[in-house]
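Student: Got a structure here, written out as structure tokens. Questions coming.
The values are calculated or read from the model by the stated rules, or taken from the named source; none is laboratory data. Note that the structure is predicted; figures quoted are calculated from it, not measured. Please note: Cβ atoms are built from the backbone with ideal geometry, for glycine as well, and neighbour counts cover all protein chains shown. These accessible areas exclude ligands, DNA and RNA; they are computed on the full protein's heavy atoms, side chains included. Shrake-Rupley method; radii C 1.70, N 1.55, O 1.52, S 1.80 Å.
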Amino acid sequence: MYASVRDDLRATLDEIRDAGLYKPERVIGTPQSASVGVTEGGAPGDVLNFCANNYLGLADHPAVVAAAKDALDRWGYGMASVRFICGTQEIHKELEQRLSAFLGQEDTILYSSCFDANGGVFETLLGPEDAVISDALNHASIIDGIRLSKARRHRYANRDMADLEQQLKDSVAGGSRRRLIVTDGVFSMDGYVAPLREICDLADRYDAMVMVDDSHAVGFVGPGGRGTPELHGVADRVDIVTGTLGKALGGASGGYVAARAEIVELLRQRSRPYLFSNSLAPVIAAASLTVLDLLESAGDLRGRLAANTALFRSRMTEEGFELLPGDHPIAPVMIGDAAKAGRMAELLLERGVYVIGFSYPVVPMGQARIRVQLSAAHSTEDVERAVSAFADARAALEG
């Protein structure tokens, strides 16, 4: 049987390659940092890394690494269990309490990833008599989580408040019992920030709850790095915040839901990814507590990240590149053609800059791009070198 299936799969893989949509995985032989060693793919030894979610440069921070080493000795390697059986340690409860305080929410529940967190919310809270109203550009984990629920589904155009209001009106007219508006805080492929104040105003008007996936914001967006609810001054009006420990907060893995107390309590009882997945590794929980300590005095890191972002965006614009507007460290350089974006990423790697071309189905057809991500770990010289490499690669591509 598999022989015929194998031929079909090989044909599909060939189609992906021919369309320029194949996504190779380059192997890194060093810790995650502003500069990494790529062991294959034409890279010239160590290269500048401009494609990680390591926004604050904490993935290899000495204090974080030390906390992880200490945690191995004290708490062991893994729990070999789920939380409600014998998978809850003091370190898990401490991290949940600290995240709640940091994010301004009543309680927090940990998951093995933010994908699981988003996968566990909708089915638990919403039934067929309820409605979920989702931004069209929300992360795949939100889309998949909504599919797992039986709630009525409404979608509004990205950050379009008139469309959101119409979808809310339709959900009310349809007799929905509960209404949940869900949005990314920052949209990962574009760097756009959701207009949370306007969303909360509409939620109040139509008696809806608000959920924000703030994975690309917590740690560095907002005056205290508490994310887009803090940025917009609506932390007390957002009912559910999901996020990851795998980006600015150290870059390992793990996710969470920080929310109203009753929501978190119900998730502990009925959220399937929580009930049927191993507990977060204690070493990650302990290191994440150290990250939260660092965030209390990370104003200099956030300032450096903002400066690097502004420099890259301004210099690339001077060089004639098209970037999506904004001031987030996600800085998409628009290429258009998928094959061209992939080839340009290869040329940049040859010039010592590691970036990735994104194309369909990750982004819409015809909107291929190189998503550059700045870090506080980058120096001014690193940013200037990246801009020069982009200019050289474009010349080589067009020549």
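Student: Go through the residues of the range 383-399 one by one and say whether even a single one is under 25 Å from the mean Cα position of the chain (by Cα) and assigned to a loop (DSSP other than H, G, I, E, B).
Tutor: Within the range 383-399, not a single residue is under 25 Å from the mean Cα position of the chain (by Cα) and assigned to a loop (DSSP other than H, G, I, E, B).
Student: Run down ARG26, ARG17 and say which single residue is modelled with pLDDT under 95 and assigned to a helix (DSSP H, G or I). Break it down stepwise before answering.
Tutor: Working: ARG26 fails: assigned to a helix (DSSP H, G or I).
Criteria check complete, one pass: ARG17.
Student: Between GLY41, GLY37, GLY45, which is small (Gly, Ala, Ser) and modelled with pLDDT of 90 or more? Please lay out each step first, then the result.
Tutor: On the way: GLY41 fails: modelled with pLDDT of 90 or more; GLY45 fails: modelled with pLDDT of 90 or more.
When all the criteria are applied, what remains is GLY37.
Student: Filter the range 140-154 down to the residues that are farther than 28 Å from LEU245 by Cα and open to solvent by 40 Å² or more (accessible area, probe 1.4 Å) and list them by number. Break it down stepwise before answering.
Tutor: Restricting attention to the range 140-154, the residues satisfying the condition of being farther than 28 Å from LEU245 by Cα are 150-154.
Hits for the range 140-154 are LYS150, ARG152, ARG153.
Student: Go through (1) within 13 Å of the chain's Cα centre (by Cα); (2) closer than 13 Å to LEU103 by Cβ; (3) among the aliphatic types (A, V, I, L, M) one by one and return the number of the condition VAL193 breaks.
Tutor: So VAL193 meets the others, but not (2).
Student: Could you tell me how many of the residues in the range 238-248 are under 25 Å from LEU374 (Cβ atoms) and open to solvent by 10 Å² or more (accessible area, probe 1.4 Å)? Break it down stepwise before answering.
Tutor: Our first condition is that a residue be under 25 Å from LEU374 (Cβ atoms); within the range 238-248, this holds for 241-248.
Narrowing the set further to residues that are open to solvent by 10 Å² or more (accessible area, probe 1.4 Å) leaves 244, 246-247.
Number satisfying all stated conditions: 3.
Student: Go through (1) in contact (Cβ under 8 Å) with a residue 24 or more places away in the chain; (2) within 21 Å of the chain's Cα centre (by Cα) one by one and return the number of the condition ALA310 breaks.
Tutor: (1)
Student: Given the criteria hydrophobic (A, V, I, L, M, F, W, C) and open to solvent by 30 Å² or more (accessible area, probe 1.4 Å), does ILE335 qualify?
Tutor: Details: hydrophobic (A, V, I, L, M, F, W, C): yes; open to solvent by 30 Å² or more (accessible area, probe 1.4 Å): yes.
Yes, satisfied.
Student: Quickly run through the range 82-117 and pick out the residues that are assigned to a loop (DSSP other than H, G, I, E, B) and open to solvent by less than 10 Å² (accessible area, probe 1.4 Å). Step through it out loud before you land on a result.
Tutor: Narrowing the range 82-117 to residues assigned to a loop (DSSP other than H, G, I, E, B): 82, 87-89, 104-106, 112-113.
Residue satisfying the conditions is GLY87 alone.
Student: Follow-up. Counting only residues that are at pLDDT below 95 and either open to solvent by 10 Å² or more (accessible area, probe 1.4 Å) or of a type in the set (S, T, N, Q) (or both), how many does the range 366-385 have?
Tutor: Qualifying residue count, the range 366-385: 2.
Matching residues to (1) surrounded by fewer than 16 Cβ atoms within 10 Å (Cβ to Cβ); (2) outside any helix (DSSP H, G or I); (3) without any contact (Cβ under 8 Å) to a residue 60 or more places away in the chain:
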position	(1), (2), (3)
GLY119	no, no, no
GLY127	yes, yes, yes
VAL132	no, yes, yes
ASN138	no, yes, no
LEU164	no, no, yes
GLN167	no, no, yes
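Student: Return yes when ALA235 is modelled with pLDDT of 95 or more, open to solvent by 30 Å² or more (accessible area, probe 1.4 Å) and in contact with an Asp or Glu (Cβ under 6 Å, 6 or more places away or on another chain) and no when it is not.
Tutor: Numbers: modelled with pLDDT of 95 or more: yes; open to solvent by 30 Å² or more (accessible area, probe 1.4 Å): yes; in contact with an Asp or Glu (Cβ under 6 Å, 6 or more places away or on another chain): no.
Answer is no for this residue.
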